[in-house]
Amino acid sequence: MTGNIKAIRTRIKSVESTRHITRAMQLVASSKLRSALDRMEQSRFFFDAVQEAFSDLAAGNVASPFLTPRPVAHRCVVIIAGDRGLAGGYNANVFRAVRAAAYDPKVTSAVAVGRRACDFVRTEGFSEVALYESVEKMGKEDTVALATILKDLFLAGDADEIVLYYTDYVSALTQEVRETRLLPLTPTGEAAHRSVAETVFEPSPAAVLDAIIPQYLTGVLWGAGALSHASETAARRNAMDSATENASEMLEKLSLAYNRARQGAITQEITEIVAGAGSE
C-alpha cells in the first residue's frame, strides 16, 4: 500500500511538471500568435490583390509562356510547413496532402520552407531546389530570391508545373491545407469568365505579365508564408491548451486515487492496531 502511495505521489509531481511546461508553451504561442496575425493581415490584402490581377491577365488571350500549359514531364513542389513540432496535426496534414498527390521523386523537385518541411523533402527523396529552415525568419529578400529561382526554373523547362502547399488560417481553431498551382498561371473564380479587355494594361498585357511575374510569385509566397506561420502558431497554442487541460484532468484523477490509497492505508493501520490490542 505504501509503495502504491509513493508511486502515485511521484506521478502527480511528474504531471504537474508537465503541466507547467505546456502552460508556458501555450502562453508563448499566444504571444507569438498576435504578431503572426499582424503579419498575416498586412500581407493578405496584397496576396489577394496580386492573385486577382494575375487572374485577370490569365483570363485574357495573352501570349506568354507563363500562361501556356505544357505536358508535365517534371514538376516542382513548394512545401511550407512548421519550424517545430508540438503543433497537433499541423505538419502531418501538409505532408499528407503532398503524399496524396503521389508525386514521383524521380521527376519531382522540391522547395521546402520550415525545418519539418526540409526533413520531409529529404525523407521522400525529392530533388532539392532550395531549403529554408525557418518560416518565421524567412525575410522578404529570401522570398524575392525564391521567386526568381522558381521563375527561372519554369522558363528553363526544368519544371513544367510548380505547385504550392501551405496552410490557410481560417480561424483560431481551424487551419486548412491549400494546394495552389503557381505556374503556369490559370484564371480563378470570376476572372475565368472575364475578358482581359475589361482591364487596360500598358504597354500591353503580355509585357505587364512578363515584367511582374517575380512580384506575383513574391506576393503569393510571402502571403502563403504568413498564413502558414499564423496557422502553425495557432495550432501549437491549441495543442498546448488541450495538453494543459488533459494534465489538469489527470491530476484530479491522481489526487482522488492518492486520497483513496492514503485513506485505505490509514484504515488498514487502524485495523491492525485494533486487532493487536484485542489479542493482548
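The values are calculated or read from the model by the stated rules, or taken from the named source; none is laboratory data. Everything numeric in this text was worked out from a predicted model, so none of it was measured. Ideal geometry is used to build each Cβ from the backbone, glycine not excepted, and the neighbour counts take in all protein chains shown.
Annotations
- Number of the exception - residue 98 against (1) out of contact with any helix residue (DSSP H, G or I) (no Cβ under 7 Å at 6 or more places or on another chain); (2) on the phi > 0 side of the Ramachandran plot: (2)
- Filtered by the rule that a residue be modelled with pLDDT of 85 or more and among the β-branched types (Val, Ile, Thr), the range 1-58 gives 8, 10, 12, 15, 18, 21, 22, 28.
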